[in-house]
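Contents: one structure, followed by commentary.
The values are calculated or read from the model by the stated rules, or taken from the named source; none is laboratory data. Computed from a prediction, not measured in an experiment: that's the story for all the values here. Note that we place each Cβ from the backbone using ideal geometry, even for glycine, and neighbour counts take in every protein chain shown. For accessibility, only protein heavy atoms count, side chains too; no ligands or nucleic acids. Shrake-Rupley method; radii C 1.70, N 1.55, O 1.52, S 1.80 Å.
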Amino acid sequence: HCVGGYSDRHIAGSDTIFFVRHYRRPERSYYTLDIRMNNGVPTEVQLHGYGNERHGKYKEHAHRIPKKVREFVNRWKREVLIPWYVEQQKKQEVKSA
């Protein structure tokens, strides 16, 4: 997936790009997850996979994110990302004190 347009935000630390991969094809990026990290709480900007944009002569066809992918990302955010982010915030508060 083309994430070149996000490089400035990624380098600045405002957005973080994650690649969701399938265990059977770990070398291939299955979905790309863009998380905004500077809004007080991590916020999903987009979850994009091959073909889930609108296409067709009149952009009339759209693919949906598979339920398994959506559930995985939601669980990962809840169980991994948010606890990590909270811990980082605590460390920042200790450094500032």
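The simple spin-label model puts a point 7 Å past each Cα toward its Cβ; for HIS22 and HIS10 those points are separated by 2.2 nm. Note on ARG75 and THR43: the model spin-label points, each 7 Å out from Cα along the C-beta direction, lie 2.7 nm apart. A 1.4 Å probe run over the chain, with the rest of the protein chains in place, finds 77 Å² accessible per residue.
Each Lys or Arg adds one and each Asp or Glu subtracts one; over the other residues with Cβ under 9 Å from the Cβ of TYR6, this totals -2.
Taking a sphere under 11 Å around the Cβ of ARG36 and counting the other residues whose Cβ falls inside, with K and R at +1 and D and E at -1, yields a net charge of -2. For the chain, a simple Cβ point-charge model (Lys and Arg +1, Asp and Glu -1, everything else neutral) yields a dipole of about 400 debye relative to the Cα centre. One entry in (i) 1.27; (ii) 1.03; (iii) 1.13 is Cα Rg over 2.2 N^0.38 Å calculated from the shown coordinates; its label is (i).
Measuring nothing but protein heavy atoms, the accessible surface of the chain at 1.4 Å probe radius is 53 percent carbon and sulfur.
Charge tally for THR16 (other residues, Cβ to Cβ under 10 Å; Lys, Arg +1; Asp, Glu -1): 0. For ARG64 and VAL94, the FRET efficiency from 1/(1 + (r/R0)^6), where r spans their Cβ atoms and R0 equals 25 Å, is about 0.05.
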